[in-house]
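The values are calculated or read from the model by the stated rules, or taken from the named source; none is laboratory data. This one's a predicted model, so the numbers in the text were calculated from it and none came from an experiment. Positions of Cβ are backbone-derived with ideal geometry, glycine not excepted, and every protein chain shown enters the neighbour counts. Accessible surface is based on the protein model in full, side chains and every heavy atom, while ligands, DNA and RNA are left aside. Shrake-Rupley method; radii C 1.70, N 1.55, O 1.52, S 1.80 Å.
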Amino acid sequence: MADQVAAVCEQLVKAVNVMMDAESSQIYRLEALKFYEEFKETNSFCVPCGLQLADRAQPAVVRHFGLQILEHVIKFRWNSMQQQEKVQLKECAMQLLSNGTRPILEEESHIKDALSRITVEMIKREWPQHWPDMLKEMEALTGQGEAQTELVMLILLRLAEDVITFQTLPTQRRRDIQQTLTQNMESIFSFMMAVMQINMEDYRRLKGSPGHELKARAHCRVAVATLNTLAGYIDWVSLVYITSGNCHLLEMLCLLLSEPELQLEAAECLLIAISRKGKLEDRKPFMLLFDDVAIHYILSAAQAVEVVERRYVFLKRLCQVLCALGGQLCSLVGSDVEVEIPANLSKYMEALLSFTTHSSQFLKSSPQATWGALFRHETMSKDAVVVAMAVKYLKASMTNLVKTGFPSRDDNPSCEYSRVDFDSDEDFNSFFNSFRAQQGEVVRSACRIVPLEAFQIAAEWLQYQIASPIDIGSAEGLCSLLSPSVVQWDAVTVYMECMVAQIFKSLDEEVTGFPLMELLQAVLNYDTKDPLILSCVLTNISALFPFVLHRPHFLPRVLSKLFKAITFEVGQDNKVSPVKNVRRHACSSIIKICRDYPQFILVNALVSHDAMLTHMEKCSLMEALVLISNQFKDFAKQKAFLDELMATVVAEWTSDQMRHVMGDPAVFLSFVGADQVVAEHSTDTDTMGLNRGRVSFCLNAMLGVVKRARRPADVEEAKAGGFVVGCTPAGVPIYRNPCTGQFLLLLPNLLTLIRTYNRLFMPENIARLSETFSRAHEVMDAEKNVVLGLSQHPLDIYDSPVYRTNLERMQGFFSTVYDNCFHILGNVGLSLQQEFYTIERLAEEIAASAFVSLDHVPDHRLVRVFVRQLVLSCPQEYYNSLLCPLLGPLFAYMQQRLSVKWQVINQRTSTKAHCVTQEMLEEQLVRLLTREVLDFLAVSCIARKVPEQAANKEEIEGESQNEMTAPPAQPTDELTDLGKCLTKHENIYMSLLTLSFTSLSWKDTTNCHRTASMVCWTLLRQVAHTLFHFKEKVTWFYTSVLRGLQVHGQHEVCNSTLSQLAMIIYENLRPRYVELRAVMTQIPNINTEALDQYDHRLLDPNAQKVGEKKRKDQFKKLIAGTVGKALCQQFRKEVHIRNLPSLFKRPKPEKDAVNSEALGLAALFSPENNSL
């Protein structure tokens, strides 16, 4: 036998060398791997060969393969091994731990890991029942040297990870081991603490001694392993072990923060310990960390500036430790456990501030949540130390709000740290935007505490920026986004917005006491020709505008500044984004002011016919005027005003030329120039561009008026102003809108344009597009990036024209026309109400325009938005006349279209790179379309009911105790009024059901979970009793759920939701439809006896009922054969760990309660007992 083992081992060594040799050919490597795998699965010499290969005389790679063989035997053959073989293998494994390794500093880490895995696999199968002395044997091993001590720590850590963290064991075994660990935790913790103490002291004693460097490093390695193991236990053991001995463990960890070789692991342990939740009383000892010694060690450890990766990671952990400590402080102070504010709070906050002012942007961001909690804390925010620190924080934010530290640059100390933390400038930019938003919240909180100081900081900072000359940095001509002046203006603007909003909210009464007008005057007087800086100035004016209400004489100057910005120009090049952004910014500011403070703007004329204004700017000013006209509160006056304002738009839109253009796709394409070849950078006058501008202007003006024209919110004011024309039978006022007359004139051509637009996608019209514009209907690059989740480079988006090429201009035009047409249709119902919904033949008109040629319309251009808005604003009395004729065909069409799309996606096999990218885009568009359609279905038909929360803990506990008698947990959602209306139309309702149940097996887990949990049963329940003559439909619905389980069963959330839905359908419909049982019998590997028992309990009223949880488990086992597995799980070999005899069975009391002494119950109900 020895000769055979030696021969096989020789072959295995050759196979291992072939597999691991970089020069081996693929064929030889595969043959070697096949031989090795077959040996593991079938050979009877696995144990002796594994032991021989694992001998420490062998090379490390061979030893590792030997240990892998032993692990495979334990995992997959343990249950079939004889007891003697198990004992022998266990003893051999212990021998390997004892003397099968090299010295601790020489041994490879993967060998140590493999040895610990073997031992843990045996422990998981045998401890504690068949291996009661395991812990003692481990403790004895540590006496043999540092290598064995490290291995024991690795074993204890892996055991905790498998049992507690990853829970890779069957429930019974996991419970046995966890309970045994918990019972022995005091001795385990004492053991680990003792090992830690001894090795830490030996390391400190020897590390400076000449000739003892190796011995010191060995003790250090053991200490590191012990700290890692402690980290695996601190997370879940009782807090008593962490805080025992006056927090001896925490004290020791604080001391280790001063040891460079151990500080990172010590900080990890400390972080896990301080982050623990639990009863406040149990967490009270954590306050000892605010004592002088602990704070001193934490502060000392933070004093370092070098960018060494290990040191930098340590600083991150230390910062997290401080933040966790702050979380405990905020929880304990002001609570029932009566914890005082610590005397050392100022030292703690200085430490926190040192991280907030660190050069690393990541470290600056880490304490933000802690600062916010401290500044919002009811008790601590009033403490003098916190108030003083709020001022320091605000001063620090003057630096922290400045966007610097891009990894590609070297203009700031933080750049070096950013290169460690971020892969690219895009990553950094994304992080910084989030960080700045966090800072904004904290700045607002700090401004509540120290409003005057916050204002003084802002005033001085803004005045300094105004006085400073513009520094464009390395840019040419105008500033770029990274110019020093721009990043400073950007930062002060963010601070001003946060500060002013908070002061105005908190101190409305005393706001006049702040010298805000001087600040506003300085901003208004500041003049710059740089668009990026001017944009910041406009933001500051908008932020300070609420204070103009206290000084109305400033209003003309503010409006003058904004109007000047609307016509802002820089030389001849006015199509670059910064210039356009300034003009848009000014327009938006005016609209915002008119929306929020229309009563103050009423006296100021906004009318402007400046030839310098673009169509977009004219539309913005018209929108502002519409908002102001709402303040007339007089229907006739507002109608006359809007008639005058929109006269040119109505004349243009209803002209014979426009009617001719809108009615014919070929004429429309020619009108906008899409059928012409155009050279880039042509100097000729772009007549077609002017035509596109005319169409866009009319649509934007329509949208602005429809969105903004409103009646007075107060009913009495509306009646007095002539806006009420009657009442519904229920007594609800019927209003009229002053823009109705104009809109009814504009509507026919709008519907014509929508119909023509849909027909543009027909093959004959696609063929009419010129070579220049052949891709005009494709998804724009910016939209494509959004759909695919790709970020746009943050630094170049402001330095380029709005649309770079003729093609992109045309794409932008078609996209805007589409969006605006449907936004108008969507908003008009909300704005005009009955006046819109009573239009004659409205349903037919919309169907003949918006729903025409849908087969040719691409997914990214399908009508969606307007239908949802139309439904949500539609009065109930128009459901039958308008919505049913529209929604019935729409849902039927979308079900058919999406089914085809998903079928195509499932059959794809492309491998070419460009095809894959295009297919990813198409698949994502289909996914988004699916979600929108199903979301629209849910909004239209399902009225969500939020379950009431239990009032207190006792209620929750009471519910769990009554679980056995609880009815099945079914969705409590009901149908909306529209949903009930749709149920009366069988074809519409069947379309809804078919769409919902079909979507369960489309490859979109988000949609599957939402539809299964919220829509399917709510819809099916309403018509379940009417389906008796359509038994095949019931079978199909149920099969669809099981098909969904096959596709999504690998995902835990979907698995749970679909299993619940299948159980609800089966339990509710099985008594009526016996066909459902036939479906169940087709499930692979179903236990028919278990199915019979389940059916018996379900159908027999006299059968013993079981609790819902047990029924769920039984049903899950029945349908387990339908649950699909992830590809990575399909060929995985299952590991089976047998349960051992139960450990903690409590013997039942033998005492007979009936025949024992009287309990007093008989006396209580005795008829002779009259004393009650």
(request) May I ask for the distance between the Cα centers of the stretch 635-676 and the stretch 334-376, given as a whole number of Å? (result) 61
(request) Quick one: compute a quarter of the convex hull surface over the Cα atoms of the stretch 989-1123 and quote it in nm². (result) 7.8
(message) Just to confirm my numbers, what's the Cα centroid distance between the stretch 271-313 and the stretch 100-176 in Å?
(response) 30
(request) Set the Förster distance to 60 Å, then compute FRET efficiency between residue 900 and residue 34 from the Cβ-Cβ distance, nearest 0.05. (result) 0.85
(request) Could I have the simple spin-label model distance between residue 399 and residue 474, label points 7 Å from Cα toward Cβ, reported in nm to one decimal? (result) 2.3
(request) As a check on your grasp of the helix formula, calculate [θ] at 222 nm for the chain: sum -39500 (n - 2.57) over DSSP H runs of n ≥ 4, divide by the residue count, round to the nearest 500. (result) -20500 deg cm²/dmol
(request) Starting from the coordinates of the alpha-carbon atoms of the stretch 27-105, obtain the Kirkwood hydrodynamic radius over all distinct pairs and give the value in Å to one decimal. (result) 13.4
(request) With the full set of protein chains in place, find how many percent of the accessible area of the stretch 604-762 is carbon and sulfur; take the probe as 1.4 Å. (result) 56
(request) Let me know the shape class of the stretch 676-733, please: from the alpha-carbon gyration tensor, a ≥ b ≥ c as square roots of the eigenvalues, rounded when a/c is under 1.5, otherwise prolate if a/b is greater than b/c, or oblate. (result) prolate
(request) Rounded to the nearest 10 degrees, what's the angle between the helix 1052-1069 long axis and the longest principal axis of the chain, both from Cα atoms, 0 to 90? (result) 80
(message) If amide hydrogens are placed 1.01 Å from N in the peptide plane, which non-local residues have theirs closer than 5 Å to the one on residue 974?
(response) 943, 945
(message) Check which residues have an amide H placed less than 5 Å from residue 470's amide H, if you skip close sequence neighbours.
(response) none
(request) With a 1.4 Å probe and all protein chains in place, put 905, 766 in order of accessible area, largest first. (result) 766, 905
(message) Under 5 Å between amide hydrogens, which residues at least 5 positions from residue 734 or on another chain qualify, with H placed 1.01 Å from N in the peptide plane?
(response) 725, 726, 727, 728
(message) Computing the accessible area with a 1.4 Å probe over protein heavy atoms, can you report the carbon and sulfur percentage for the stretch 3-63?
(response) 55
(request) Working from Cα positions, state the angle (0 to 90°, nearest 10) between the long axis of helix 1005-1014 and the longest principal axis of the chain. (result) 80
(request) Calculate one ³J(HN,Hα) per residue across the stretch 825-836 by plugging θ = phi - 60° into the Karplus curve 6.51 cos²θ - 1.76 cosθ + 1.60, and present them in order as whole Hz with x for glycine and proline. (result) 4, x, 7, 5, x, 5, 7, 8, 6, 4, 4, 8
(request) Using a 1.4 angstrom probe on heavy atoms only, work out the carbon and sulfur share of the accessible area of the stretch 76-123 in %. (result) 43
(request) Put one equal scatterer on each alpha carbon of the stretch 277-356, apply the Debye formula with no solvent term, and list log10 I(q)/I(0) at q = 0.18, 0.21, 0.22 1/Å to two decimals. (result) -0.75, -0.95, -1.02
(message) If I fit a long axis through the Cα atoms of helix 384-400 and take the longest principal axis of the Cα atoms of the chain, what angle between them do I get, 0 to 90°, rounded to 10?
(response) 70
(request) With a 1.4 Å probe and all protein chains in place, put 415, 727 in order of accessible area, largest first. (result) 727, 415
(request) For the stretch 102-193, evaluate the Debye formula with one uniform point scatterer on each Cα (no solvent term) and list log10 I(q)/I(0) at q = 0.16, 0.19, 0.22 Å⁻¹, rounded to two decimals. (result) -0.65, -0.91, -1.19
(request) Enter the accessible area per residue of the chain (Å², integer; probe 1.4 Å; all protein chains in place). (result) 48
(message) If R₀ is 35 angstrom, what is the calculated FRET efficiency for the pair residue 310 and residue 596, using the beta carbon separation as r and rounding to 0.05?
(response) 0.05
(request) Please report, in whole Å, how far the alpha carbons of the stretch 1-146 spread along each principal axis, starting with the longest. (result) 49, 38, 26
(request) Taking 7 Å along the Cα-to-C-beta vector as the label spot, tell me the residue 778-residue 521 distance in nanometres, rounded to one decimal. (result) 5.9
(message) Just to confirm my numbers, what's the Cα centroid distance between the stretch 994-1040 and the stretch 19-70 in Å?
(response) 52
(request) Could you work out how far apart the two model spin labels at residue 980 and residue 1120 are, taking each label as a point 7 Å from the Cα in the direction of the beta carbon, and quote it in nm? (result) 4.5
(message) Taking 0.36 nm per residue of sequence separation and subtracting the Cα-Cα distance, how much length would be gained by fully extending the chain between residue 102 and residue 664, in nm to one decimal?
(response) 193.7 nm
(request) Pop the C-beta distance of residue 928 and residue 1087 into the FRET formula with R0 = 35 Å and round what comes out to the nearest 0.05. (result) 0.25
(message) For the chain, take every pair of Cα atoms, bin their distances at 20 Å starting from 0, and report each bin as a whole percent.
(response) 8, 25, 36, 24, 6, 0
